[in-house]
1. Which order do 66, 412, 453 fall in if you start with the one that has the fewest other Cβ atoms within 10 Å?
2. For the range 276-284, what does the Karplus curve 6.51 cos²θ - 1.76 cosθ + 1.60, with θ = phi - 60°, yield as ³J(HN,Hα) per residue in whole Hz, taken in order and with x for Gly and Pro?
3. Hey, can you grab everything whose amide H is under 5 Å from the amide H of residue 171? Only 5+ residues off in sequence or another chain; H modelled, so Pro and N-termini drop out.
4. How large is ³J(HN,Hα), in whole Hz, for each residue of the range 398-414 in order, when computed from phi with the Karplus curve 6.51 cos²θ - 1.76 cosθ + 1.60 and θ = phi - 60°, using x for Gly and Pro?
5. Once the dipole of the chain is set up with Lys and Arg at +1 and Asp and Glu at -1 on Cβ about the Cα centre, which of 43, 351, 86 lies farthest towards its positive end?
6. So what's the back-of-envelope 222 nm ellipticity for the chain, counting only DSSP H runs of four-plus at -39500 (n - 2.57) apiece and dividing by all residues, rounded to 500?
7. With the crude spin-label approximation of a point 7 Å out along Cα→Cβ, what separation in nm comes out for residue 322 versus residue 269?
8. Would you please give the residues with an amide H less than 5 Å from that of residue 356, counting only those at least 5 places away or on a separate chain, with H modeled from the backbone geometry?
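Please treat every number below as a calculation from the coordinates, not as lab data. Since we're looking at a predicted model, the values are computed, not measured. In this analysis, Cβ positions are derived from the backbone assuming ideal geometry, glycine residues included, and neighbour counts consider all displayed protein chains.
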Amino acid sequence: MGDPKGFMTTPRQTPTRRPVDLRLMDWREVYEDFPRQHLEKQAGRCMSCGIPFCHQGCPLGNLIPEWNDLVHRKDWREAIERLHATNNFPEFTGTLCPAPCEAACVLAINDDAVTIKQVEIEIIDRAWDEGWVPPQVPEQKTGKKVAVVGSGPAGLAAAQQLTRVGHDVVVFERADRIGGLLRYGIPEFKMEKSRLDRRLEQMVAEGTHFRASVDVGTDLTVEQLRADYDAVVLAGGATAWRDIPAAGRDAEGVYQAMEFLPWANHVQQGDIDAPPVSAQGKDVVIIGGGDTGADCLGTSHRQGARSVTQLEIMPTPPEHRTANMPWPTYPTVYRVSSAHEEGGERLFSVNTTEFVADADGRLAGIRIVEVKRGDNGFEPVEGTEQELPAQLVLLAMGFVGPEKGRLLNDLEVELDERGNVARRDDYMSSADGVFVAGDMGRGQSLIVWAISEGRAAAAGVDAYLTGRTVLPRPIDPSDRQLA
Ligand SMILES: Cc1cc2nc3c(=O)[nH]c(=O)nc-3n(C[C@H](O)[C@H](O)[C@H](O)COP(=O)(O)OP(=O)(O)OC[C@H]3O[C@@H](n4cnc5c(N)ncnc54)[C@H](O)[C@@H]3O)c2cc1C
Ligand code: SF4
């Protein structure tokens, strides 16, 4: 424990966000730099708890008190070793994780949690700066070939683990670039893609092969996949989106979030000058109050929307924990993300009844009504109907699971009751030698879970191929339901 009184003498401090006016003019990450000496003091707030509940909150089982202590003692070199021991990609979680570890921090019972996420990102940023993240090339090759389908955080974590123990790993991705939702979906202002590219360079240097623009199941058939590889990891994500059956849904101007966000990524990558679906000059309505909706909000503002309204069917969450969301669970409280801070209106307890189109079929507005919970779910409140002007509506209502296309059909894998790919404790699906990790088996979730499952599936694959494994398996997932 670095500073026995740190938690009493040092208040929690987090980096400030750049001024809204300024950051709306670019797509860079929104946070200012955080001075290193402040960070070392922040790490000193950690109490090195006898039972560190932060561990329990983290799906990766990150060794949080250990690296807090190392940072407080300025031993950054050792801190990155301890961080990488459980997390292949701390720069992804350090920028994007909702930090269930902080919700579970013991200090958060009666004070502000330790700034765990900030400590994490500062450790990995410094490690890259100092050259402490070299490629880890395997000493011996096993001669076994593994195909990873999907290049999001789950596929990348599985691939890195398997490459490092000597297997020949090829990652297939149907998009034109590697990265899954980290590449196309998550906006630049939440995580700059240079972070992803830097990590991919390391993976290539370690020996992982990447093949983009290959739709497995179609461009590469399941027969070829089975013939050419000794094991397969399915990491195709939960890409089937939820739709809304309201009248007028086919009006021109109603898009899924994932028909909108990736175009902004393509502009930032320099592929195109302007997105074919843009919020510029429009009244935008986003249906869905979650993170994807917030990403649409921040993107719409940067594209120059005239107005943005975000609708949520659930009531306004409470400001603080309530009795039914006690510490250390991850609470559903009212959160103001950086995108919310940038403007727009948030409406809670409202449902969409109709999309209104003009004579040419182009979206002109959206009719909504207030709702309250009744015996039959959400019921409309009479007399509360209203119409909002809208030339662009973005549907951000989540995802219902993996796509049921040729890949899953031809592999004949069983699905669970929620429509995700069913798997055993070792992450093998019902098909021999075919493993599954991330959203494809878990359903829509978080990056930290995808990395955790990618690591666990890699251990399963290695044991399947060699009869034993030295790869760590994150702790029983059933113990980790806090996020
Ligand atoms: C807009 C948005 C923002 C989000 N923001 C956050 C956030 O801030 N923090 C957070 O923790 N989580 C966030 N999430 C959730 C998080 O991104 C996912 O949980 C995570 O990316 C899942 O990782 P994955 O590897 O399982 O799948 P994905 O990242 O979805 O990657 C799957 C990849 O597989 C590819 N694929 C699918 N089928 C095939 C096939 N047949 N052949 C080849 N390739 C295929 C897909 O093209 C895709 O690139 C967000 C999700 C969305 C949609
Ligand atoms: S729960 Fe909080 S205070 Fe305790 S060890 Fe973890 S980070 Fe430190």
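1. Numbers: 66 18, 412 11, 453 30.
Ordered by Cβ neighbours within 10 Å, fewest first: 412, 66, 453.
2. These are the phi-based 3J(HN,Hα) values: x, 10, 9, 8, 3, x, 10, 7, 10 Hz.
3. It is 148, 209, 210, 211, by chain and number.
4. Calculated HN-Hα couplings, in order: x, 10, 9, x, x, 5, 9, x, 5, 4, 6, 4, 6, 6, 6, 7, 6 Hz.
5. Looking along the dipole axis, the top candidate is 43.
6. On the way: 18 runs with 155 residues, N = 483.
Rounded to the nearest 500, the figure is -9000 deg cm²/dmol.
7. Each label point is offset 7 Å from its Cα along the Cβ direction, giving 4.2 nm.
8. Hits under the 5 Å cutoff: 364, 365, 366, 367.
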